[in-house]
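Read the figures in this text as sums done on the coordinates, not as results from a lab. None of these values were measured; they are calculated from a predicted model. Glycine also receives a Cβ, built like all others from the backbone with ideal geometry; neighbour counts cover every protein chain displayed.
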Amino acid sequence: MKAFVVGATGVLGRETVAELRARGHQVVALVRTPGAERAFAEYGIPAVRGDIFDAAVLERGARGVDAVFHLATRIPRKPIPKPRDFEETNRIRTEGTRLLAAAAKKAGAKTLLFQSIAFIYGDHAGAEVTEETLPLEHPLVRAALDGEQTTLDSGLRGVVLRGGYFFQRGAFHTEWMAEALRRHRLPLIGTGDAYINPVHPHDLARAFVRAAEQETPRGVYHVAAEPVEARVLYSEWARRLDAKPPRRIPYWLARLVIGEFAKMAAFRYRVSSQKIRREMGFRFEFPTYKEILDSLTAQ
Ligand SMILES: NC(=O)c1ccc[n+]([C@@H]2O[C@H](COP(=O)([O-])OP(=O)(O)OC[C@H]3O[C@@H](n4cnc5c(N)ncnc54)[C@H](OP(=O)(O)O)[C@@H]3O)[C@@H](O)[C@H]2O)c1
């Protein structure tokens, strides 16, 4: 298979390029800087330079390719972002996906794969949510759902993978949380009974490559390890870091400090990844938070 990867330099993109190559596929990367172009060239990976808003560049990258991977995002790298900090990511997911879908179609690609997010649901009192569960109607999830729909309506084989929350060494938010835990500055909201639906980006990358290889899957799939209550995950992580257990703050205080995100973070739902296991025979290398924490805290 030949793949065009948009977002190839990102946390998920780097894992996906490595997985594609490990499984013998050809890769063309979209890069934005000469440095990234050189870095890929050193590994024998051709690149096209430009960004997702440049239709001509996208067409060039997608020419002669079987599968196009949309893994680009621009999630704010700050602990407490404001909704307006998501404008660029929203544009990448809406306008960017439309441009990429059109380019992929024009270039004759067969498959379009889109990175979406699994944290799009409202409170379900700890119940399981599947790909059939109605998402929340909220500005913070609207762009992801728009990108999903563009992918599904593209006229190509459209595959949407809704990834859980990324935990990986070196990834901005993971390192920030580890540091906050060490300094006893990552509080649990309320009793900490909200579920975290984590995923190791290596597993999400593996899922993307399997979905491209298998040729029949289409539609929406969750990709998340076993859900875990925030108090369990963060207490165990703190213990492994030799830090004090996280303190608790009342919900009203979290609302005051992180606004709308506190509401989203307090929702209790468990993301089910049964569909990808069943339909693609997918097996997680990091099936629970324990393996994920092992990877974060191993010496
Ligand atoms: N599900 C999740 O939990 C989740 C999802 C996404 C991201 N994150 C996390 O959020 C942190 C920061 O995220 P990030 O969004 O910067 O992700 P990232 O994984 O660091 O990079 C995103 C990728 O998208 C590319 N990109 C950005 N804007 C683009 C554009 N206009 N055109 C083409 N490509 C573009 C980037 O290219 P450049 O290298 O040129 O910038 C990069 O390759 C990371 O630590 C990541 O782990 C978490």
* Structure fact -> Scanning region 151-168 for residues that are within 11 Å of the ligand (Cβ to nearest atom) and either more than 14 Å from LEU12 (Cβ to Cβ) or in a strand (DSSP E or B) (or both) gives LEU161, ARG162, GLY163, TYR165, PHE166
* **Where a residue in region 30-42 is farther than 17 Å from VAL57 by Cβ and its partner, wherever it lies, is in a loop (DSSP other than H, G, I, E, B), with Cβ under 9 Å and at least six apart** => ALA39/THR9; ALA39/ILE45
* Does region 138-150 contain at least one residue that is away from the ligand (no atom under 12 Å from the Cβ), assigned to a loop (DSSP other than H, G, I, E, B) and surrounded by fewer than 18 Cβ atoms within 10 Å (Cβ to Cβ)? -> yes
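A quick yes/no check of all residues on (1) within 16 Å of the ligand (Cβ to nearest atom); (2) under 23 Å from LEU140 (Cα atoms):
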site: MET177; (1), (2): yes, yes
site: PRO217; (1), (2): no, no
site: ARG247; (1), (2): no, no
site: VAL257; (1), (2): no, yes
* When region 169-194 is examined, which residues are found to be over 17 Å from the mean Cα position of the chain (by Cα) and outside any helix (DSSP H, G or I)? -> ARG183, HIS184, ARG185, LEU186, PRO187, LEU188, ILE189, GLY190, THR191, GLY192, ASP193, ALA194
* To do: Taking THR73 as the residue in question, decide whether it is within 10 Å of the ligand (Cβ to nearest atom), polar (S, T, N, Q) and either over 29 Å from ALA194 (Cα atoms) or assigned to a loop (DSSP other than H, G, I, E, B) (or both).
  => yes
* So which residues in region 109-137 are away from the ligand (no atom under 16 Å from the Cβ) and among the β-branched types (Val, Ile, Thr)? -> THR111, THR130, THR133
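On the given criteria, is ASN90 of a type in the set (S, T, N, Q), touching a residue at least 60 places away in the same chain (Cβ under 8 Å) and within 16 Å of the ligand (Cβ to nearest atom)?
Details: of a type in the set (S, T, N, Q): yes; touching a residue at least 60 places away in the same chain (Cβ under 8 Å): no; within 16 Å of the ligand (Cβ to nearest atom): yes.
No, not satisfied.
Please return the ranges of helices (runs of 4 or more DSSP H) entirely within region 216-282 where 1 or more residues are among the acidic types (Asp, Glu) and either buried (at least 17 other Cβ atoms within 10 Å of the Cβ) or out of contact with any Ser or Thr (no Cβ under 7 Å at 6 or more places or on another chain) (or both).
Values: elements: 230-240, 251-258, 260-266, 274-280.
Helices (runs of 4 or more DSSP H) meeting the threshold: 230-240, 260-266, 274-280.
Name the one entry in ALA211, ALA205 that is within 17 Å of the chain's Cα centre (by Cα), assigned to a helix (DSSP H, G or I), within 12 Å of the ligand (Cβ to nearest atom) and in contact (Cβ under 8 Å) with a residue 40 or more places away in the chain. Break it down into steps so the answer makes sense when it comes.
Working: ALA211 fails: within 12 Å of the ligand (Cβ to nearest atom).
Every option except ALA205 fails the conditions.
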* Asked: Within region 1-20, which residues are touching a strand residue (DSSP E or B) at 6+ places or on another chain (Cβ under 6 Å) and among the basic types (Lys, Arg)?
  -> LYS2
* Structure fact -> Exception for PRO227 within (1) within 16 Å of the ligand (Cβ to nearest atom); (2) touching a residue at least 60 places away in the same chain (Cβ under 8 Å); (3) closer than 27 Å to GLU19 by Cα falls at (2)
